[in-house]
1. Given the residues Lys267, Lys262, Lys281, which is the only one that is at pLDDT 95 or above and either outside the structural domain of Pro13 (by TED's automatic domain parsing) or of a type in the set (Ser, Thr, Tyr) (or both)?
2. Quick one: would you say Asn22 is under 11 Å from the mean Cα position of the chain (by Cα), surrounded by fewer than 22 Cβ atoms within 10 Å (Cβ to Cβ) and more than 17 Å from Phe288 (Cβ to Cβ)?
3. Can you confirm whether Leu62 is hydrophobic (A, V, I, L, M, F, W, C) and buried (at least 19 other Cβ atoms within 10 Å of the Cβ)?
4. Taking the condition of being in contact (Cβ under 8 Å) with a residue 40 or more places away in the chain and of a type in the set (S, T, N, Q), how many residues in the stretch 90-138 meet it?
5. Find the residue count for the stretch 52-101, including only residues that are over 21 Å from Gln134 (Cβ atoms) and of a type in the set (A, V, I, L, M, F, W, C).
6. Condition check: out of contact with any helix residue (DSSP H, G or I) (no Cβ under 6 Å at 6 or more places or on another chain) and of a type in the set (Gly, Ala, Ser). Does Ser133 satisfy that?
7. Looking at the stretch 146-180 only, could you name the residues that are surrounded by 15 or more Cβ atoms within 10 Å (Cβ to Cβ), free of Cβ contacts under 8 Å to residues at least 40 places away in the same chain and not hydroxyl-bearing (Ser, Thr, Tyr)?
8. Among the numbered conditions (1) buried (at least 20 other Cβ atoms within 10 Å of the Cβ); (2) at pLDDT below 90, tell me where Arg195 comes up short.
Amino acid sequence: MTRAGFISFVGRPNTGKSTLTNALVGEKIAITSDRPQTTRKAIRGIRNSDDGQLIIVDTPGLHKPRTLLGQRLNDLVQAELADMDVIGFCCPANEEIGPGDKRIIEQLQSFPKSKKIAIVTKTDRVGPEKVASQLMALADLAEWEQIVPVSAKSDYQIDLLADIAVSMMPESPLLYPAETVTESSMEQRVCEEVRESALGHLQNELPHSLAVTLDEWNDDELHLSIHVERDSQKGIIIGNKGERLSEIRQRSQRNIRKLTGKPTRLKLHVRVSKDWQQDPKLLGRLGF
């Protein structure tokens, strides 16, 4: 009998949860960026080993919601955590533990059935003394099954983290076929690739106001819409003489070709969906 079960990583936005998920799965299933709240869906990745199977659930970062979208994302995280066998709290090695971290740690007590581990991420960015200091600080804040320092970038202790997580799972046959790496559909992954490309070109201008939908897929040609909330944001996405939109299209096209394994042409359209983050109907249409 093998072991199989669910683990989810929680933490403030931009603590390395999606990068860690990709490292454990062994391929990119979740987009990453330096922008807070990049993850907006619960993304399931699967890691198989001789000892069992981990279903890794990447969730949005917990935060104080300022929009209806933000509230729905927090509600999504709470619902997912209720079903987890293990919850991993992520805290970057290069950032001080703050009120937001402590608030999340307190919230974890609402899930008594889940085993809790603390994970110090981004250890490649600091020296060993700072890592040790962060480990001790986390040990003082709560009772953990394990505290593990990792670096997804350098692959430091990723296998160890996986082994620890598998050992905490219940005995079970595999929950997914061994060849499965994610539950996400190709349509969802394509839309996320476009959003990641857009985020990479926008710096801090309007990351939270972006959403992407797939309108049409004809053989090797895809039509996608980039949704923003105001006309001024539409101009930012398009850029001077369409240069920025062209850059987003080219980068997305390269990434989607890797994903689908065949040449793909993209047609991107920028649409204004006024205040979509606060509009229940628009949120529903955009998949939230």
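The values are calculated or read from the model by the stated rules, or taken from the named source; none is laboratory data. Being a predicted model, the structure only gives us computed values, none of them experimental. All Cβ positions, glycine included, derive from the backbone under ideal geometry; neighbour counts span all protein chains shown.
1. On the way: Lys262 fails: at pLDDT 95 or above; Lys281 fails: at pLDDT 95 or above.
Testing whether each residue is at pLDDT 95 or above and either outside the structural domain of Pro13 (by TED's automatic domain parsing) or of a type in the set (Ser, Thr, Tyr) (or both) leaves just Lys267.
2. On the way: under 11 Å from the mean Cα position of the chain (by Cα): yes; surrounded by fewer than 22 Cβ atoms within 10 Å (Cβ to Cβ): yes; more than 17 Å from Phe288 (Cβ to Cβ): yes.
The answer is yes for Asn22.
3. Numbers: hydrophobic (A, V, I, L, M, F, W, C): yes; buried (at least 19 other Cβ atoms within 10 Å of the Cβ): yes.
Spelling it out, Leu62 is indeed hydrophobic (A, V, I, L, M, F, W, C) and buried (at least 19 other Cβ atoms within 10 Å of the Cβ).
4. Qualifying residue count, the stretch 90-138: 3.
5. Adding up the residues that qualify gives 13.
6. Working: out of contact with any helix residue (DSSP H, G or I) (no Cβ under 6 Å at 6 or more places or on another chain): yes; of a type in the set (Gly, Ala, Ser): yes.
For Ser133, the condition - out of contact with any helix residue (DSSP H, G or I) (no Cβ under 6 Å at 6 or more places or on another chain) and of a type in the set (Gly, Ala, Ser) - is met.
7. Gln146, Ile147, Val148, Gln157
8. (2)
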